[in-house]
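Heads up: the structure comes next, in structure tokens.
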Amino acid sequence: MAPKAAHSIRCVIDEAIKCKQTGEKKVTAFNASGHGLLDLSAYESYLAGELANYEPQKIEVPKIIP
């Protein structure tokens, strides 16, 4: 499982535990998508302190007027 999906599942579990302790009823939704193949190498680089600081190019997006 990709790290991002695992984090979202953990957050949902933590919220469910809080609700059980307080008696609060809550509907919690989350999305787990993607294959994680690229995520794992980036996560490994991050943990090793080797992840490059990258800032994407700023581009101007034209407005579309119907």
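No value in this document is a laboratory result; all are computed from the given coordinates. The shown structure was predicted, so the numbers you read here are calculated from the model rather than taken from an experiment.
Backbone phi angles across region 43-59, fed through the Karplus curve with coefficients 6.51, -1.76 and 1.60 (θ = phi - 60°), yield HN-Hα couplings of 5, 5, 4, 4, 5, 8, x, 10, 6, 6, 7, 10, 10, x, 5, 8, 10 Hz in residue order; Gly and Pro are listed as x.
For residue 18, the lysines whose Cα falls under 23 Å of its own Cα, not counting residues fewer than eight places away in the same chain, are 4, 26. Fully extending the segment from residue 64 to residue 27 would add 9.6 nm, taking 0.36 nm per residue of separation and subtracting the current Cα-Cα distance.
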